[in-house]
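Since the structure comes first, as structure tokens, the remarks are kept for the end.
Computed from the coordinates by the stated procedures, all read-outs in this text should not be read as laboratory data. Small disclaimer: the values here were computed from a predicted structure and weren't measured. Note: ideal-geometry Cβ built from the backbone for every residue, glycine included; neighbour counts use all protein chains shown.
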Amino acid sequence: METASSTYYYPNRMGRIIFLATEEVLGRNGVNAVANLAGLTEYIDHYPPNNQQMDFSFEKISDLQASLEDFYGPHGGRGVALRIGRACFQHVLREFGPLIGLTDLAFRLMPMGTRIKIGAGAFAEIFNRYTDQRVRLEDKGKELFWHIEKCPLCWGRHSNNVSCQMAVGLLQESLYWLSGGKFFNIEEISCIAKGEPTCTVLIDKTPMS
């Protein structure tokens, strides 16, 4: 049985993306303050290298998420994490999209529903192929469930609240891009930090606008 004492990783490239997105939202001083609070001083003014070496541990990602809540308060920190997740999207698309065909013209010309279905699977594949995170998709017609079975965002944490707003923000921005500028109801409905079996994000496939 896997426990929080196990060690799993993102590639350095994804760790770098998280820092770059955090800087976009908080500025350089803000990201340095959060890194210091998280005990990640080695990354102050020295982000992870842009390579696929698996060195950026789940513990570091979880500590960064927790430090946002410590620095800004639980509600404010989760709001900031949501914005950081959105900011991560363009970096993830640029670095990984060409590898799985998301930036191909043929994909962009598909009907919206097809783009969402294929795109969601492709984004899950990015994590399942290039990281130790594990994502399982469940399609229930009008709703899509993004089940994170091994989640770095709340790794080793215990909370009364859902704690994976970066994932929600990333999915919000990805659906906005996949749909050509529409907004969807996307919310985390279960979280491993709360003692639940998966961190699950519900995606309503009918756009709100």
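Hey, what angle do you get for helix 74-96 against the long axis of the chain, alpha-carbon based, 0 to 90 degrees rounded to 10?
60 degrees
Hey, with R₀ at 25 Å, roughly what FRET efficiency would Phe145 and Leu37 work out to, going by the Cβ-Cβ distance, to 0.05?
About 0.15, to the nearest 0.05.
Along the charge dipole of the chain, which of Leu99, Gly121, Ser179 sits closest to the positive end, that is, farthest toward it, with unit charges on the beta carbon of Lys, Arg, Asp and Glu (+1, +1, -1, -1)?
The residue sitting most towards the positive pole is Ser179.
Modelling each spin label as a point 7 Å along the Cα-to-Cβ direction, I'd like the Phe183/Gln52 distance in nm, to one decimal.
Reported label-point gap for Phe183 and Gln52 is 3.8 nm.
For the chain, take the longest principal axis of its alpha carbons; what is the angle in degrees between that and the long axis of helix 112-130, to the nearest 10 within 0 to 90?
With both axes taken from Cα atoms, the answer is about 40 degrees.
For the pair Asp45 and Glu138, what calculated FRET efficiency results from E = 1/(1 + (r/R0)^6), where r is the Cβ-Cβ distance and R0 = 41 Å, to the nearest 0.05?
Numbers: r = 42 Å, r/R0 = 1.02.
Between Glu138 and Asp45 the formula returns 0.45.
Any chance you could give the angle, 0 to 90 degrees and rounded to 10, that helix 165-178 forms with the longest Cα principal axis of the chain?
30 degrees
Compute the distribution of all C-alpha to C-alpha distances in the range 119-209, in bins of 10 Å from 0, and list the percent of pairs in each, rounded to whole numbers.
Distribution as computed: 17, 51, 28, 3 percent.
Would you calculate a helix-derived [θ] at 222 nm for the chain, using -39,500 (n - 2.57) for each DSSP H run of n ≥ 4 and dividing by the full residue count, to the nearest 500?
-16000 deg cm²/dmol
Please work out how much length the chain gains when fully extended from Asn128 to Thr103, using 0.36 nm per residue of separation minus the C-alpha to C-alpha distance, in nm with one decimal.
Contour length minus Cα-Cα distance gives 7.1 nm.
Tell me the relative contact order for the range 9-204 as a rounded percent, counting alpha carbon contacts under 8 Å between residues six or more apart.
Relative contact order, the range 9-204: 21 percent.
Whole angstrom only: what separates the Cα centroid of the range 162-187 from the Cα centroid of the range 31-84?
20 Å
Between Thr114 and Asn160, what length in nm is gained on full extension when 0.36 nm per residue of separation is reduced by their alpha carbon distance?
Working: separation 46, 0.36 × 46 = 16.56 nm, distance 3.63 nm.
Result: 12.9 nm gained on full extension.
Which option, (1) 16.3, 46; (2) 20.7, 55; (3) 15.5, 48, is the value of Rg and Dmax of the Cα atoms in Å that was calculated from these coordinates?
Here Rg and Dmax of the Cα atoms in Å agrees with entry (1).
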